[in-house]
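Asks: So that we are looking at the same thing, I have put the structure below in structure tokens.
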Amino acid sequence: MKIYLVGGAVRDALLNYPVTEHDWVVVGARPAEMLQLGYQQVGKDFPVFLHPRTKEEYALARTERKRGHGYTGFAVDCDPSVSLEEDLRRRDLTINAMAQDAERNLIDPYGGQADLEQRILRHVSEAFVEDPLRVLRTARFAARYAHLGFTVAPQTVALMADIVAQGELAHLPAERVWVELEKALGERNPEVFIKVLRDCGALQKLLPEVEALFGVPQPDAHHPEIDTGTHILMALQQAALLAADTDVRFAVLLHDVGKGTTPRAEWPRHLRHEQRGVQLVEKICQRLRAPRRHSDLARAACLYHTHCHRALELRGKTLLKLLIATDALRRPDRFEAFLLACEADARGRLGLEQREYPQRNYLRQALAAAQAVSAEQFSDSGLSGKALGEAINAQRTNVLERLRPA
């Protein structure tokens, strides 16, 4: 029985990148032997074990043979005769198909180290096409390492396009697609994930509403980059620079989807794209089964991002309506996330990446001023119910009107 460190830990150590977890492959062992050594079996489709002390994952070396659709349609062989090289060959990318033995010697049968040095994401073998999840994983790795100069090999992009053409993406569960999307949104360059999906045709299958934005023009006075799809990519990059969480980045990705439904005769204007877009946002969130935190923020950003941009012009009454509509009074943390999404939108424009966005601080002040008006201030008024609520809102409106810039 031999144990090897494999995958991401080997890859990231060679890149001098933070190593967050360790995965191990065990060659020459049977499940019974692992159990006798105190390992806890957790794998359902194939034997994976947790170390009795570290709880890190140890998987028996295996080979796989495609027998169905999707990323789970495989026949797995975990016989002790399966070699390390055979196990590494079933992996997705060469940079993930390296291992280290107990003496820290590198085992690299498929050129992963050379591809690391050349900054290339390349498939290990033609078996790459057997798992449609690899389309999303490869795009996610491109987003993670883009700042280091990594690109996807043209031959690998072609195989990803083959997977798309075969209709395999349709067999991925919505929950699995969401997991990969959220991970990708959390990477350093989430916009690269979208670019790579476009390059292989996968964006049209997974997020056709976003694909529809490319080639749609906007007024150059507000969007010097013109193309709506390009704006989305730039706004995603700005969201990442603002260190925004994945719910903010998801909202940025979807905030302008309504522009994809604007009749060509109305281009480059997009009247009421917010109202048209929110229906698409709801459809996307249902299809992907997005968590409520993400879907709620995406709806708010879609409907009210233009209100946020015009915040300094709004009268007190309208400003209060914005705070109520975005549920800012009850959920100030989500309102802060909404402001981040709007700032990323404002900065995601050609030549305007460094622009100031005073609306963010102004709306923070507006929220604080509105929150300072409470029912306790009307305790001697004798008001209750609807009348009390109207009095509170009237006072909040007055406060917000006085807050407006001269």
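Asks: By its C-alpha gyration tensor, with a ≥ b ≥ c as the square roots of the eigenvalues, how is the chain shaped: rounded for a/c under 1.5, else prolate for a/b larger than b/c, else oblate?
Replies: In terms of gyration-tensor shape, prolate.
Asks: With +1 on each Lys and Arg Cβ and -1 on each Asp and Glu Cβ, how big is the dipole of the chain about its Cα centre, in debye rounded to the nearest 20?
Replies: 1340 debye
Asks: Are there any trypsin sites (Lys or Arg not before Pro) in the range 226-298 that are in a DSSP loop and have at most 12 other Cβ atoms within 10 Å? List them by number.
Replies: Numbers: sites: Arg249, Lys259, Arg264, Arg269, Arg272, Arg276, Lys283, Arg287, Arg289, Arg292, Arg293; in loops: Arg269, Arg272, Arg289.
Listed in order of number, the matching sites are Arg269, Arg272, Arg289.
Asks: Sticking with this structure for a sec: Return a whole-number percent for the relative contact order of the chain, with Cα pairs under 8 Å and 6 or more residues apart as the contact set.
Replies: 10 percent
Asks: By counting other Cβ atoms within 10 Å of each Cβ, how are His255, His305 ranked from fewest to most? Let's see the in-between values first.
Replies: On the way: His255 31, His305 22.
Sorted ascending by nearby Cβ count, the order is His305, His255.
Asks: Taking every DSSP beta bridge that has both residues in the chain, what percent is antiparallel when rounded to the nearest 5?
Replies: 75 percent
Asks: Where nothing but the Cβ of Lys and Arg (+1) and of Asp and Glu (-1) is charged, how large is the charge dipole of the range 196-292 around its Cα centre, in debye to the nearest 20?
Replies: The calculated dipole for the range 196-292 is roughly 380 debye.
Asks: Helix 273-288: angle to the longest alpha-carbon principal axis of the chain, degrees 0 to 90, nearest 10?
Replies: Tilt of helix 273-288: around 30 degrees.
Asks: How do 206-219, 168-181 rank on mean C-beta neighbours within 10 Å, highest first? Each step should come with its number before you reach the end.
Replies: Details: 206-219: 18.4, 168-181: 16.7.
Packing order, densest peptide first, comes out as 206-219, 168-181.
Asks: Pairs on different chains or at least eight residues apart, Cα atoms closer than 24 Å: how many lysine pairs in the chain fit?
Replies: For the chain, qualifying lysine pairs total 18.
Asks: Dipole magnitude of the range 1-118 about its Cα centre, charges +1 at Lys/Arg Cβ and -1 at Asp/Glu Cβ only, in debye to the nearest 20?
Replies: Result for the range 1-118 is approximately 400 debye, rounded to the nearest 20.
Asks: Mind listing which trypsin sites (Lys or Arg not before Pro) in the range 297-402 are in a DSSP loop and have 14 or fewer other Cβ atoms within 10 Å?
Replies: Qualifying residues, ordered by number: Arg310, Arg315, Arg330, Arg355.
Asks: Sticking with this structure for a sec: What do you get for the angle between helix 228-241 and the principal long axis of the chain? Use alpha-carbon atoms, 0 to 90 degrees, nearest ten.
Replies: Tilt of helix 228-241: around 80 degrees.
Asks: Here is a follow-up. Based on the alpha-carbon gyration tensor of the range 349-406 and its eigenvalue square roots a ≥ b ≥ c, which shape applies: rounded if a/c is under 1.5, prolate if not and a/b is larger than b/c, or oblate?
Replies: Prolate.
Asks: I've got another one for you. How far, in degrees from 0 to 90, does helix 358-371 lean away from the longest principal axis of the Cα atoms of the chain, to the nearest 10?
Replies: 70 degrees
Asks: Give me Thr230, Thr54 ranked fewest to most by other Cβ atoms within 10 Å of their Cβ, as a rough exposure proxy.
Replies: Thr54, Thr230
Asks: Follow-up. Could you give the nm distance between label points at Val19 and Ala265, where each point is 7 Å from its Cα heading toward the beta carbon?
Replies: Rounded to a tenth, the inter-label distance reads 6.4 nm.
Asks: Here's something else I'd like to know. To the nearest 0.05, how large is the calculated FRET efficiency for Glu86 and Ser384 if R₀ is 56 Å and r is the Cβ-Cβ distance?
Replies: 0.15
Asks: Among rounded, prolate and oblate, which fits the range 1-118 when a ≥ b ≥ c are the square roots of the eigenvalues of its C-alpha gyration tensor, a/c under 1.5 means rounded, and a/b larger than b/c means prolate?
Replies: Oblate, because a/c is 1.5 or more while a/b does not exceed b/c.
Asks: Around Pro263, under 12 Å between beta carbons, what's the net of Lys plus Arg minus Asp minus Glu among the other residues? Write out the running numbers ahead of the final one.
Replies: Numbers: positive: Lys259, Arg264, Arg269, Arg272, Arg276; negative: Glu266.
The answer is +4.
Asks: Then there is this: Would you mind computing, in nm to one decimal, how far apart the modelled labels at Gln155 and Thr54 are, each placed 7 Å from Cα along Cα→Cβ?
Replies: 3.4 nm
Asks: So, one more: Can you run phi through the Karplus equation (6.51, -1.76, 1.60; θ = phi - 60°) for the range 395-406 and list ³J(HN,Hα) in whole Hz, with x for Gly and Pro?
Replies: 5, 4, 4, 4, 4, 5, 5, 5, 6, 4, x, 5
Throughout, read-outs are computed from the coordinates displayed, never taken from laboratory work. What you see is a predicted model; the values in this text were computed from it and never measured. Neighbour counts are summed over all protein chains in view; Cβ atoms, including those assigned to glycine, are modelled from backbone coordinates with ideal geometry.
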